[in-house]
Amino acid sequence: MNRLHVTRLKSGLIAGVGVASVLLLTSGAIAAPQLVLVNAKVFTADPALPYAQAVAIEDGSILAVDSDEKIRALAGPNTRIIDVGGRLVTPGFTEAHVHLGNELPTPPLAMPNLPFPGPTGEQALAAVEQAAKTRTDWICAYVGPLVARDQRNWRKALDMVAPNTPVYFKGFWGHTTIVNSEGLRRLGIAEGITDPLGGWWGRDENGRLDGRAYEAAETITARIRPLTPGYLATVFGAAQQRYARWGVTSIHLMNNDKSLEVTLAGLASAKPAQKWTVYSWGAWQTPAERIPDAWAVIEKAAKQAPAKVRVEGPKWMLDGTPIEQDSLQRKAYSNRPDWHGRSNFSDAQLREILKLALEQPSQLALHVVGDAETDRMLKMMEQLAPASAWRTKRVRIEHGDGIQPDTTAKVVELGFVVIQNPTHLNAPIPGESLASEHMLLKSFLAAGIPLALGSDGGPKEQNPFLNLMLAALHTSEPTEALSREAALMAYTAGGAYAEGQEQRKGRIAPGLAADIAVLSQDVLTIPPPQLPATTSLLTLVDGEVIFEDPVLASTK
Ligand SMILES: [Zn+2]
């Protein structure tokens with residue numbers, strides 16, 4: 001019984017209230033919803049009742065979903081009634097894959113043509129040469145695929161133009177890090193350094209460091225400016241506000257390049273407004289021989305997680321991406337006939353990761369992008385345990401770009417959930433149409449693969465409605481585009497399923513959390529180019545208003 005009921009019982013408001021307008025609790029007290037949304041087009045994401053007109057909310061949960069008439073009849077004298085003016089009401093969105101808080105350590109040097117194809121090698125070197133004339137602190141820059149794929153010895157090339165200034169290049173998508181000699185010196189990286197778990201140092205033909213850090217080795221560059229809880233609190237706080245204006249009520253944070261401890265401290269001081277699930281980074285400074293440590297940190301940190309924050313994982317990156325050409329592909333990259341990409345883990349390491357995932361309670365998340373790396377992972381899982389054992393684990397495939405028509409059946413059998421990022425489906429990759437033959441999306445649903453959507457945005461939050469448009473268009477393979485309803489399902493019920501919370505949230509159904517968005521426009525029917533302009537006018541998390549646009553209040 002909440003305070004509202006007690007107050008009403010004491011003040012005798014029960015008298016005169018029609019029986020039809022109240023619900024009798026077992027205690028004998030009378031409950032009316034705190035909030036009802038009426039005159040709505042309610043998309044429930046619940047197959048039992050796909051559409052309704054109104055919703056009643058009580059004690060943070062959905063009390064009823066029904067017609068305007070029936071829901072209005074539930075309202076009591078203290079019920080707030082919001083007429084949403086016929087607008088679309090949806091379950092709150094889940095951003096199922098985002099990276100936050102990884103801005104470059106110093107403001108990025110301007111580089112032409114970002115993101116695709118980004119500067120050429122010569123353009124990048126000219127910009128650094130110019131900056132190095134006046135600077136002694138770190139020169140940081142985002143680069144694109146042209147630099148990432150440029151096979152020159154970057155350490156030597158950068159040393160020529162910046163012999164005394166530390167230089168740090170980062171691929172805008174991650175997965176590419178280049179540092180010059182002064183940079184290596186300041187980071188304490190010397191010849192003889194051993195490769196970390198899930199990554200390695202680039203070396204020239206004489207075995208000398210060539211300035212490239214691959215995959216988990218890239219995390220060492222976090223030493224340039226270690227992230228603090230205070231800084232992360234600012235980043236997370238800003239992301240929460242922006243996401244609230246987009247109707248996002250759950251956020252799956254891929255916790256790259258920082259410790260779980262610092263992220264949880266940052267979230268605690270940001271005061272979580274949405275429901276956060278932090279996917280711990282498996283190869284965050286984990287020595288190669290200490291794979292179980294990746295689970296130990298989760299167990300320890302989960303106990304310290306602030307309210308509304310869950311910890312899952314670890315997340316491991318099994319390969320790279322086609323942008324820098326390190327995802328492991330069945331076909332060689334078209335401009336490098338001998339190169340198929342590579343795996344970040346040996347067979348023995350991957351086997352240990354998978355075995356531990358079977359034993360441990362937390363949910364495994366695997367970045368796997370190349371079709372050949374996907375094949376390798378599926379085969380090893382089948383060798384390790386029966387499909388029924390894997391189905392209880394609900395392993396996440398982050399991205400799913402490598403799942404091909406001939407592997408969807410295995411993905412279903414092993415009980416994966418796929419998190420796809422619509423930005424990947426529309427990225428123009430120069431010199432390469434797509435690394436894998438197909439970039440599936442609609443076929444996942446046809447095959448019965450559970451699907452969630454996330455932006456893969458970083459270092460800042462990203463508009464889910466831009467991603468909704470990209471999922472609805474799928475310009476690289478339009479026959480794989482999602483219907484609006486399917487995309488909305490993936491963004492809501494699919495997101496909850498992806499973190500094992502489908503019994504608590506993700507749909508507008510009685511008993512589930514009242515995580516709800518009232519959208520500014522009907523994303524089910526408007527033309528695709530209008531989708532990114534969508535905002536939420538009212539965003540609720542557990543029935544609490546985390547964002548309200550005055551426009552909505554005035555339509556009462
Ligand atoms: Zn990502």
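The values are calculated or read from the model by the stated rules, or taken from the named source; none is laboratory data. Keep in mind it's a predicted model, so treat the numbers as computed, not measured. For neighbour counting, all protein chains shown are included, and Cβ atoms are generated from backbone atoms with ideal geometry for every residue, glycine included. These accessible areas exclude ligands, DNA and RNA; they are computed on the full protein's heavy atoms, side chains included. Shrake-Rupley method; radii C 1.70, N 1.55, O 1.52, S 1.80 Å.
Taking the conditions exactly as written (touching an Asp or Glu at 6+ places or on another chain (Cβ under 9 Å), more than 20 Å from Pro196 (Cβ to Cβ) and open to solvent by less than 40 Å² (accessible area, probe 1.4 Å)), does Gln304 satisfy them or not? Judged against the criteria, Gln304 is not a match. When residues in the range 394-411 are screened for being more than 16 Å from the chain's Cα centre (by Cα), within 16 Å of Leu366 (Cβ to Cβ) and not hydroxyl-bearing (Ser, Thr, Tyr), 5 of them pass. Among residues of the range 53-66 that are closer than 13 Å to Val545 by Cα, those with a beta-carbon under 8 Å from a residue that is open to solvent by 40 Å² or more (accessible area, probe 1.4 Å) and in a strand (DSSP E or B) at least six positions away or on a different chain give the pairs Ile57/Leu63; Gly60/Glu544. In this structure, Asn78 does satisfy being in contact (Cβ under 8 Å) with a residue 24 or more places away in the chain, open to solvent by 50 Å² or more (accessible area, probe 1.4 Å) and more than 30 Å from Gln420 (Cβ to Cβ).
Of everything in the range 276-297 that is among the aliphatic types (A, V, I, L, M) and in a loop (DSSP other than H, G, I, E, B), the residue that is modelled with the highest pLDDT is Ile291.
Please tell me if Ala216 is in contact with a Leu (Cβ under 7 Å, 6 or more places away or on another chain) and either open to solvent by 40 Å² or more (accessible area, probe 1.4 Å) or within 16 Å of the ligand (Cβ to nearest atom) (or both). For Ala216, the condition - in contact with a Leu (Cβ under 7 Å, 6 or more places away or on another chain) and either open to solvent by 40 Å² or more (accessible area, probe 1.4 Å) or within 16 Å of the ligand (Cβ to nearest atom) (or both) - is met. Scanning the range 151-166 for residues that are assigned to a loop (DSSP other than H, G, I, E, B) and at pLDDT 95 or above yields Arg152, Asn153, Ala162, Pro163, Asn164, Thr165, Pro166.
Within the range 160-183, the set of residues being open to solvent by less than 10 Å² (accessible area, probe 1.4 Å) and either farther than 15 Å from Asp326 by Cβ or in contact with a Phe, Trp or Tyr (Cβ under 6 Å, 6 or more places away or on another chain) (or both) comprises Ala162, Thr165, Pro166, Val167, Phe169, Ile178, Val179, Asn180, Gly183.
Could you tell me how many of the residues in the range 219-230 are under 21 Å from Ala288 (Cα atoms) and either among the small types (Gly, Ala, Ser) or open to solvent by less than 30 Å² (accessible area, probe 1.4 Å) (or both)?
4
Would it be correct to say that Ala273 is assigned to a helix (DSSP H, G or I) and over 16 Å from the mean Cα position of the chain (by Cα)? No; evaluated as a whole, the condition is false for this residue. Here's a check for you: in the range 106-120, which residue that is open to solvent by less than 50 Å² (accessible area, probe 1.4 Å) and touching a strand residue (DSSP E or B) at 6+ places or on another chain (Cβ under 6 Å) is nearest to the ligand (Cβ to nearest atom)? Among residues in the range 106-120 that are open to solvent by less than 50 Å² (accessible area, probe 1.4 Å) and touching a strand residue (DSSP E or B) at 6+ places or on another chain (Cβ under 6 Å), the one nearest to the ligand (Cβ to nearest atom) is Gly118. Of the residues making up the range 99-110, those that are at pLDDT 95 or above and in contact with a helix residue (DSSP H, G or I) (Cβ under 6 Å, 6 or more places away or on another chain) are Leu100, Leu109. Filtered by the rule that a residue be in a loop (DSSP other than H, G, I, E, B) and either of a type in the set (A, V, I, L, M) or open to solvent by 70 Å² or more (accessible area, probe 1.4 Å) (or both), the range 341-354 gives a lone residue, Arg342. Among the residues making up the range 60-85, those that are assigned to a loop (DSSP other than H, G, I, E, B) and either within 16 Å of the ligand (Cβ to nearest atom) or over 28 Å from Pro464 (Cα atoms) (or both) are Ser67, Ala75, Gly76, Pro77, Asn78, Thr79. The single condition from (1) more than 16 Å from the ligand (Cβ to nearest atom); (2) not in a helix (DSSP H, G or I) that Glu129 fails is (2). Restricting the range 307-335 to residues that are free of Cβ contacts under 8 Å to residues at least 60 places away in the same chain and farther than 23 Å from Val417 by Cα leaves a set whose member that is surrounded by the most Cβ atoms within 10 Å (Cβ to Cβ) is Ala332. If only residues of the range 114-159 that are of a type in the set (Ser, Thr, Tyr) and in contact (Cβ under 8 Å) with a residue 24 or more places away in the chain are counted, the one that is farthest from Thr321 (Cα to Cα) is Thr136. Out of the residues in the range 231-278 meeting the condition of being open to solvent by 10 Å² or more (accessible area, probe 1.4 Å) and of a type in the set (Ser, Thr, Tyr), tell me which one is farthest from the ligand (Cβ to nearest atom). Among those that are open to solvent by 10 Å² or more (accessible area, probe 1.4 Å) and of a type in the set (Ser, Thr, Tyr), it is Ser269. Residues considered: Gln151, Gln123. Of these, the only one that is in contact with a helix residue (DSSP H, G or I) (Cβ under 9 Å, 6 or more places away or on another chain), open to solvent by 20 Å² or more (accessible area, probe 1.4 Å) and polar (S, T, N, Q) is Gln123. Take the residues in the range 86-100 that are among the small types (Gly, Ala, Ser) and assigned to a loop (DSSP other than H, G, I, E, B); name whichever of them is most open to solvent (accessible area, probe 1.4 Å). If we take residues in the range 86-100 being among the small types (Gly, Ala, Ser) and assigned to a loop (DSSP other than H, G, I, E, B), then Gly86 is most open to solvent (accessible area, probe 1.4 Å).
If we keep just the residues of the range 520-539 that are of a type outside the set (Val, Ile, Thr) and either part of a loop (DSSP other than H, G, I, E, B) or free of Cβ contacts under 8 Å to residues at least 12 places away in the same chain (or both), which is farthest from Pro464 (Cα to Cα)? Among those residues, the one meeting the criterion is Pro527.
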